[in-house]
1. Placing unit charges on C-beta atoms (Lys and Arg positive, Asp and Glu negative, everything else neutral), compute the dipole magnitude of the chain about its Cα centre in debye, rounded to 20.
2. Helix-derived [θ] at 222 nm for the chain: sum -39500 (n - 2.57) over DSSP H runs of at least 4, divide by residue count, nearest 500?
3. What is the extension gain from T23 to I46, computed as 0.36 nm multiplied by their sequence separation minus the C-alpha to C-alpha distance, in nm to one decimal?
4. How compact is the chain by the rule of thumb for globular proteins, expressed as Cα Rg over 2.2 N^0.38 Å?
Amino acid sequence: MMNIEFPTSSAILSPIVVNEDNTVAITYSSNPDKQYTFAIADDEFIPGLQGAIANEESVGRFVAIARKRGGLTEVVTA
């Protein structure tokens with residue numbers, strides 16, 4: 001497990017947790033009591049996220065684009 005921390009985001013709370021089963025756990029600031037799990041479908045997601053953080057880009061926007069492009073898919077649990 002790895003925690004990817006970042007200073008601030010208006011949409012997502014730090015850290016994003018990368019699990020050993022190739023999923024990430026993300027908590028949105030709009031619902032801080034719930035953690036959402038996404039399967040990583042794009043091998044470049046983690047390096048891209050780290051690059052976005054290093055370049056002080058929007059983490060929320062990066063995640064939203066990754067979801068839209070299919071790089072992250074929500075894991076729905078019953």
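What follows draws every value from the coordinates through simple rules; no lab data is involved. Just so we're clear, the structure is a prediction, and the values are computed from it rather than from any experiment. Counting neighbours? That spans all protein chains shown, and the Cβs are built from the backbone with ideal geometry, glycine included.
1. Using only the charged Cβ atoms, the result is roughly 300 debye.
2. Mean residue ellipticity, 222 nm, calculated: -8000 deg cm²/dmol.
3. Length gained between T23 and I46: 7.2 nm.
4. Output field value: 1.00.
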